[in-house]
1. Quick check on region B:183-210: of everything there that is assigned to a strand (DSSP E or B) and not hydrophobic (A, V, I, L, M, F, W, C), which residue is surrounded by the fewest Cβ atoms within 10 Å (Cβ to Cβ)?
2. Quick check on this structure: which one of B:Ile124, B:Ile157 is under 17 Å from B:Asn202 (Cα atoms), without any contact (Cβ under 8 Å) to a residue 60 or more places away in the chain and outside any helix (DSSP H, G or I)?
3. If you check B:Ser96 against the conditions, is it surrounded by 15 or more Cβ atoms within 10 Å (Cβ to Cβ) and polar (S, T, N, Q)?
4. Within the group B:Asn80, B:Asn142, which residue is in contact with a strand residue (DSSP E or B) (Cβ under 8 Å, 6 or more places away or on another chain) and at pLDDT 85 or above?
5. Looking at region A:92-125 only, could you name the residues that are under 29 Å from A:Glu45 (Cα atoms) and modelled with pLDDT under 85?
6. Take B:Thr171 and decide whether it is out of contact with any Pro (no Cβ under 9 Å at 6 or more places or on another chain), surrounded by 15 or more Cβ atoms within 10 Å (Cβ to Cβ) and modelled with pLDDT of 85 or more.
7. Name every residue in region A:42-57 that is under 21 Å from the mean Cα position of the chain (by Cα) and surrounded by fewer than 15 Cβ atoms within 10 Å (Cβ to Cβ), in order of residue number.
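The values are calculated or read from the model by the stated rules, or taken from the named source; none is laboratory data. In this text, all values refer to a predicted model and were calculated from it rather than measured experimentally. Because the Cβ atoms are built from the backbone with ideal geometry, glycine has one as well, and the counts that use them run over all protein chains shown.
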Amino acid sequence: MKRIVICSIIAAVIIAGSICSVLYTAYVADSVVGELQNTKAAYAENDTQAAKQSLESASERWDFFCRLHILITDKEHILEITQIIARIKSMLEENGDDLTVECDAAAKLIMNYKQEQLPGILNIL
Amino acid sequence: MLIITIRTVLIFILIIFALRLMGKKQLGELQPSELVTTILISNIATLSLEDPSTPMIMGIVPILMIACLDVIMSGIQMKNTRIRKAVSGTARVVVSNGTVDQKELKNLRYTIDDLTEAMRDQGIFDLSQVQYAIVETTGKINFLQKEEPPKNPPEVIIRDGEINRDGLDRTALGEGWVKTILKQNKTELTGVFIMSADSDGNYQLVLKEKAG
């Protein structure tokens, strides 16, 4: 009986941890996409300072997430997103090209990554 | 290289922990679910060791979950005979009163060669010497040799408070006889842990221990 109790507790902890990890990934994805949208909006209004602040916030949250190595299941996907964010940063610094497309691309990739982590039937199969 | 070394040590300790958690049965003869568990754990452990870029948690979580599921499943099987039957199967008689049940052998996908090989494993070289042969859920075949005078092996009549119809039919004693014996022993069906009997009516009754 003791063994069953211990195993039930371990299983419950693993399931709870997995659910928390999915919820946290979704939270990070939503907040980073939100900041990228703010960056895009500020850039459209020619408010470079606000755009830089939003992008900096997005970049920090994303970097922190990437440091949580155990939550990362698709390294290539993560690397692609990190590269796009870095690209948007340099575009803002140089006051160069329109970064709307890059922001949208990064947002799409992040939402795709979030979808991949959800326990849907297509992801499981 | 250092990461792989550390992972190897950690995975090794984890597997020992998982096997200890599952209990000594894993080291002996395996039920089907236990065999699957052991194979899965060893394969998952290998994946964690082979690819250093994969987080080790991706190996730890499945190994622990499999071990826990195995223990929980065992607990459920102890309480529910239907689930036990579905997961582990039941022992099958393939030789009864010296006669080979060919249909049963075919169902189990055992050839006569498998049967005779198992006989020789247990030092029996003559099929006519076999009174009963039973294929256990682990796949092992156990034999009862004929004696002079030939004895009927006892059958399990009651198991965990439920009547085992197959065993009762083989003894041809009938439910009425079972009820009489239970009444004589001042107990009810649900209070019986195991009862076995042979066709001569010789029985052995073990009652459930009271919890506490």
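1. Of everything passing the filter in region B:183-210, B:Gln204 is surrounded by the fewest Cβ atoms within 10 Å (Cβ to Cβ).
2. B:Ile157
3. Here the answer is yes, as B:Ser96 does meet what is asked.
4. The match here is B:Asn142.
5. A:Leu92, A:Glu93, A:Glu94, A:Asn95, A:Gly96, A:Asp97, A:Asp98, A:Leu99
6. The answer is no for B:Thr171.
7. Once the filter is applied, which keeps residues that are under 21 Å from the mean Cα position of the chain (by Cα) and surrounded by fewer than 15 Cβ atoms within 10 Å (Cβ to Cβ), region A:42-57 yields only A:Glu56.
Okay, residues lined up against (1) touching a Pro at 6+ places or on another chain (Cβ under 9 Å); (2) assigned to a helix (DSSP H, G or I); (3) within 14 Å of chain A (Cβ to nearest Cβ); (4) under 30 Å from B:Glu147 (Cα atoms):
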site: B:Leu35; (1), (2), (3), (4): no, yes, no, no
site: B:Ser42; (1), (2), (3), (4): no, yes, no, no
site: B:Ala45; (1), (2), (3), (4): no, yes, no, no
site: B:Ser53; (1), (2), (3), (4): no, no, yes, no
site: B:Ile63; (1), (2), (3), (4): no, yes, yes, no
site: B:Val87; (1), (2), (3), (4): yes, yes, no, no
